[in-house]
Every structure is written in structure tokens, then in C-alpha cells.
Amino acid sequence: MLGAIEVAGRDGGRAIGSRQHVLVAVLAANAGSVVPADVIAEAIWGDDLPADRSGALHTLVSRLRPRLPEGALQTRAPGYLLADDADVLDVVRFEELLRSAPILPAEGALPLLEEATALWRGPAFGSAADRTAVHHRAIELDELRVVARERRAEALLDLGQAAEAVVALEALLAEHPLREHSVGLAMEALARAGRRSESLRRYSTYREQLAHETGLEPTAELRRTEQAVLSGEIGTVAPAPTEPSGAPLRLRVQTVERRPGELVASAAFGSGPPLLFLPGWISSLDAIGDRSDPRAALVARLAEDFTVTMYDRYGTGLSSAADVDVSLDASVDEVRALLGVVGDDVTLFASSCAGPSALIAAAGTPAVGRLVLMCTYACGPQLFTNAAVRESLVDLVERSWGMGSRVIADLIVPGIDAVTLSVFARFQRRAARPEVAAGYLRQLYEADASGVLADVRQPSLVLHYRDDPAIPSAGSHQLAVGLPDAELVTLEGPYHTPPGGDVERIAHRIAAFAATP
């Protein structure tokens, strides 16, 4: 189906007629679902329906069935069904490969993406793509083909094969010159291949063409890429982030069962009273250990005063899993499971997305002695009121994880250089599959713990940057007003994750709060 329609077996091609081409296209576009006979007949004959359309369609199906694997084409009232089998349909095989690749590191993802792109021979469904029952599916698949080609180029870049990435991206841009994500990747690939002037020329050409055809300007992200090329920040293999710095953290890793059969990886380090550090959106303990996660600076400093326990949310980082419940209830179960092994009189540290689950878990729980709530909130629906923005960002993460990870990275660690931003975006893509990341992002928007605020009797320290780009500072007001014993500290700056210069004073403030009788 990925090109001109072909039916082939181990013994070579199998000829089918023009009407059978349309028949198999309609069935393949809806593989795994029953397609009503009336819908198929209209696609094949249009307004020239035969007098006995049921009999005519039955004849076409009977002639097609022997050309397909046994059981692939089934009669199911009120029509017919084609099995969604990767061994039967190239469409199914392509989508399986595309789903599997993001789970793997670049060296494992690249062969899958190369196999996926090699399946294509032209526009999806060939000459049958304009039929009503096929058209939308053809558009979707053609878009996924572009996504697969971009992901292949990203994998090449991750593996240091910039020259090969340039070839792939230039071919893609010849077909889709206004696709900005491809332009950004091409600029990065050209710069890393030592072709800096061509990288800047690629940006200039895109900007002029975009202005001429749409009247728009390139996005802030693409302008940052241009600045990184101009300054020389892109042009060599991207280094690991320089902040946070220091020796790798020595983590003692173990697993905790959040629900029967669902294992969550956790790690403890440091010395002193217990502090449970909740991950925000997605995380990976190995990135904390090697300090490539910008949150590692604060974690390492807290470990000077506390025995810090961290964990990876189920389905992310070292807690990878196939089927993941991303509900708020499941996240609360995680916190409670960790509290069960950390000890008593625990300081519970929650930031970003983790606030609501921390509040619910702490309410009426004697093991929690204090809460530190940083750049977080209690009620998402009251805070994130623009439904269009919410849905567009969730959809971007789920459907274009490369672009989505960069947008989220710019919110979590704003103001950093383009190279470090790119590295952090790649860390996010390694930490979680797009559907898991999108699920936890949706939880962020929908979570509501306002009903338990009055039951959280523990002393609470609420810290929030005034111009936080990810969680509006109104989130801290929800906490300060609703919690019975809360102290609000407003920090100056447009940050969500503390920059290096703020780590010492924030850690000192938390330690002093925890030591107060």
C-alpha cells in the first residue's frame, strides 16, 4: 500500500484488476475493522453502481481472496475485513517499526527507521488515494512517512553521522521546503558536517520562502538554532551540558512495587534525615547520576543535608514498561509505595507535575513530616485554562516527539544555550516513549488535589519563580491559600528549574526549614 498498490507472494507478483485495486485499498485503509459493503461499492463504482452491487462485490472479493494469505480477507457483516497483520500489510509493518524506534537508543532505532522508510515506493495507496474511504488515511500515512524520515535523520545525528543526515534531509526538504523541523535538523546537520555557511544559507532561504508564501517569520526555536550556528555552539559534536557539573553521583538502585507486577526503579544517596525527591514530568535516574539532567545540581546539593531518595515514574527511565497507567491515582500509589520504604518523618519534595500527587499522598500520612513544594500547584483545570494550548502541546508530544521534546525543554530549562537545549530534549526522548510523555503531560493539566489541601497538616514550604514559564506562579498561590501551614517564598526570575547560581540558597533554605522543630 505504500506506493502503487501491489499484491505479491513468495513466488512473485500476483495480478489484480483495477477494481480490485480499489477494493484492497479501501480494506487496507481500514485494516482490522469491518468496512460496510455499501462503502466499498461506492468507492469502486461511484455513481455507476451495478444493478446487483452485492453480487458484483462478492465476485470481486472471491477473485481477490485466493491472491491473499489464507484468512487475511474475511466476510463480516455488514461487509468485509482485512487483517491488520504486519506479515500481510506493509502499512501495518511500517507503523509497528515507527512505534518501536523511539523506545530504543539511536543505534537500535536507526535500523528500524531505515527498514520503515525503505518500505515506501511512492504516495500511499497510489491511484486509489483520492477515494473518499481512503483519502484521510493516505494523508495520515504520507505525514508519518515524513516523520519517519526526520527521525532517521535525528538518529544519524545522534550517532555522529552528520554527512549522511545532510543527504537525507536535503532530499526531504526538496519535497517539503517549508517543514520547519526538517529545516532545523538540516541546519544542525550541515553545521556539524563542517558546512557552517551552507547551514546559515539554508536558514536564509527558508525565511525568505516562508515570508513570500505565508507572510510569517521563523519560530523562536529556529532562530535559536541560527544563533547557535553563528556563535559556533553548533558545529562540533554537542557536549554534555556543562551545568550541573561535578563528579557522577553514586546511586544505590533498587526497585519498589507500586502495584502488583509494576516495578519502579529508585535510588538513594547522601546522608542525613530522609528526603523523598519526586520526579516532575519524566525522568531517568542515570541522567541524574551522570548529571546530564539539570535537576541533578539541586539533588546533589540536597544530598549534603539529607538521604535523598529519587525514582523514575513508571514507564520512564529505568522504570520502563510496555503498558503504563498514567492516571493521577497511579502516581499517588507510586509516592505511597516509596514512602513505605524510605522511613518516617520524611521531607517530601515535589516540583512541577508532582505537586498534586504529593499533596494527596501526604494528606493524613504520618510518615510525611514536611512538604517542600517548588514551582508546582494544586489544581490544573483552574491554572491551565486554555484548552486549545493544552491539546496542541499534548498532540505535539504524542505525534512529533522530536519537536515536542524541544518545546518542553525550553519551558523546563529556559535561557540555556541551543546545544544544551538540544541535549536535554534528546534526554527526554530517551527517558519516555511519546505516548507515555503525552499521558503524563495530560495528567499535569487535569490533576486536581484542591479537595485535600485542608487535610495536609504538615508544615509546607512553597517556593516558586515569579515568571516561571512552565507552571504559572498562580499555582503557588493555590498552595499558600489552601494549605493550613504554608510558608510562601517567591523567587525572582524566568525559571522553572533552578539555575546553578540559585542552587545553594534554595538548598540552604530547604535544610533550614526541615531542621525547624
Task: Subset of region 299-321 [aliphatic (A, V, I, L, M) and within 23 Å of ARG336 (Cα to Cα)] - done: VAL299, LEU302, ALA303, VAL308, MET310, LEU318, ALA321
- [ ] Return the total of residues in region 171-202 being of a type in the set (Asp, Glu) and either open to solvent by less than 60 Å² (accessible area, probe 1.4 Å) or under 24 Å from the mean Cα position of the chain (by Cα) (or both).
- [x] 2
Open item on the list: Tell me yes or no: at least one residue of region 338-356 is polar (S, T, N, Q) and assigned to a loop (DSSP other than H, G, I, E, B).
Closed with: no
TODO: Taking GLN458 as meeting all but one of (1) assigned to a loop (DSSP other than H, G, I, E, B); (2) touching a residue at least 60 places away in the same chain (Cβ under 8 Å); (3) under 23 Å from VAL413 (Cα atoms), write down the number of the exception.
DONE: (3)
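So that you can scan it fast, the table gives a plain yes or no per residue for (1) open to solvent by 50 Å² or more (accessible area, probe 1.4 Å); (2) farther than 21 Å from PHE269 by Cβ; (3) among the basic types (Lys, Arg):
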{"position": "ASP333", "(1), (2), (3)": "no, yes, no"}
{"position": "VAL342", "(1), (2), (3)": "no, no, no"}
{"position": "ALA354", "(1), (2), (3)": "no, no, no"}
{"position": "ALA367", "(1), (2), (3)": "no, no, no"}
{"position": "LEU373", "(1), (2), (3)": "no, yes, no"}
{"position": "PRO381", "(1), (2), (3)": "yes, yes, no"}
{"position": "ASN386", "(1), (2), (3)": "yes, yes, no"}
{"position": "ASP395", "(1), (2), (3)": "yes, yes, no"}
Open item on the list: Within region 281-331, take every residue that is of a type in the set (A, V, I, L, M, F, W, C) and over 23 Å from HIS496 (Cα atoms) and give me the one that is least open to solvent (accessible area, probe 1.4 Å).
Closed with: ALA330
Task: Subset of region 221-232 [hydrophobic (A, V, I, L, M, F, W, C), without any contact (Cβ under 8 Å) to a residue 40 or more places away in the chain and either closer than 17 Å to VAL407 by Cβ or not in a helix (DSSP H, G or I) (or both)] - done: none
- [ ] Considering only region 489-517, state which residues are crowded, with 17+ Cβ neighbours inside 10 Å and hydrophobic (A, V, I, L, M, F, W, C).
- [x] LEU491, VAL503, ILE506, ALA507, ILE510, ALA511, PHE513, ALA514
Task: Selection count where residues are over 16 Å from the mean Cα position of the chain (by Cα) and farther than 21 Å from SER284 by Cβ, scope region 91-111 - done: 8
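The values are calculated or read from the model by the stated rules, or taken from the named source; none is laboratory data. Small disclaimer: the values here were computed from a predicted structure and weren't measured. Virtual Cβ from ideal backbone geometry, glycine too; neighbours counted across all protein chains shown. These area figures cover heavy atoms from the full protein model, side chains too; ligands, DNA and RNA do not enter into them. Shrake-Rupley method; radii C 1.70, N 1.55, O 1.52, S 1.80 Å.
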